[in-house]
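What follows is calculated from the coordinates using simple rules that are stated; it is not laboratory data. As the structure is a computational prediction, the values presented were derived from the model and not from experiment. Methodologically, a virtual Cβ is constructed for each residue, glycine included, from the backbone with ideal geometry; neighbour enumeration extends over all protein chains shown.
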Amino acid sequence: EGCLFILIFVFADVIMSFIISNGSPELIGLATQHLKIMTPVFVIGGLVGIYYGVLVSYKKFMIPNISPMLMSLAIVVILLLAKNDEKGILLAIATTVGGLCQFLFQLPKIKQLGFKLRPNLDFFNNVQFKNVLELLFPAILSSTVGQIHIYVDMFFASSLKEGAWTAIGYANRVYQFPVGILVTAFLVPLFPLFSRLVADKDYEGVKYYFNKGVGLLNFACFPILIMILLLSYDGVKFVFERGKFGSDATFMVAEALIFLSVSLLITEGK
C-alpha cells in the first residue's frame, strides 16, 4: 500500500490525464490536485479494511459498521463550515480526514483485542503467508473488477456533454447506498459463520447458508430496484437540487441512476 501511495502521488497527473482523456488542462490539473490530497486514503483505507475483517472475525459488528458513517459525517461537517469551496479542495481534504476518523475509531478496540500496528517484513518466512495470498488474490481481483466499470464509464463520459462525468459520479454515490445496506445487513454476519463452518469442514452447511443468503439478497433487491426506478428523479431532486445543481443536472443524475440500478441484481447476485 505504501508503494501504491507513492506511485499514485507521483504519477497523479498521468493517471488523471488518462481517465479524463478529453478534459481541459484546468480540469485535469484540478483532478490531479484532488487525487494527491486523497492518496493517503489508500493506506488508511487498507488498514481500515484489515481492522474491519479482524473485528468481524471476533464478532464485533457495531464498530466496523458505524465507522463508515464517520467519513460521511466529516465531509458534511467540513463542507458546512466551509464558506467557499468552488474547486472542491475542502471536499478532498474532508475525504482524507473522514478516512482517518474511521481508522482512529476502530483503533482502540483493535488494541483491546491485543493487536498492534507494527509492520513485520519477515513475512516470507511465515508459513501462513502462502495461504493468505491464496485468499487475498481472488478478493483483490473481485473488488478491483467491481470498480473498474466506474472508471470505464468516466473515461467515455469525459467525451460526452458537460456534466456527464459528474452525473455518473453522483448516481454511483446514490446507488452505493442500497448496495451498502444489503451487503452490511446480509453478508457481514455470514462471514464469521462461513469461517466457522469451513473450520468444522461442514461444507453442506456452507452451501445451505450461502444459498439462503443469496436468496434473501435477491428477494430484497427487487423492491429496492422498483423504488429506485419510480423515485429516482424525486429522490435526486430532494438530495442534491440546490444552488447550481438545477433541474437539468437532476435529470442527468436520475437517468444515470436508473441504468445503474439495473446492475443491482447482478452485483448482489455475485
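Working note: Karplus 6.51/-1.76/1.60 with θ = phi - 60° gives the stretch 240-252 the couplings 10, 6, 6, x, 7, 7, x, 5, 5, 5, 4, 5, 5 Hz, where Gly and Pro are set to x.
When each of the peptides 72-81, 252-261 is scored by the mean number of other C-beta atoms lying within 10 Å of its residues, the order from highest to lowest reads 252-261, 72-81. Beyond 31 Å in Cα-Cα separation lie the following of the pairs K59/K237; K59/K212; K59/K130; K60/K130: K59/K237. Per-peptide packing, taken as the mean over residues of other Cβ atoms within 10 Å, places 3-10, 163-170 in the sequence 163-170, 3-10 from highest down. Between rounded, prolate and oblate, where does the stretch 1-90 land on the alpha carbon gyration tensor, with a ≥ b ≥ c its root eigenvalues, rounded for a/c under 1.5, else prolate if a/b exceeds b/c? Because a/c hits 1.5 or more and a/b fails to exceed b/c, the stretch 1-90 counts as oblate.
The distance from the alpha carbon centre of the stretch 15-31 to that of the stretch 197-270 is 30 Å, rounded to a whole number.
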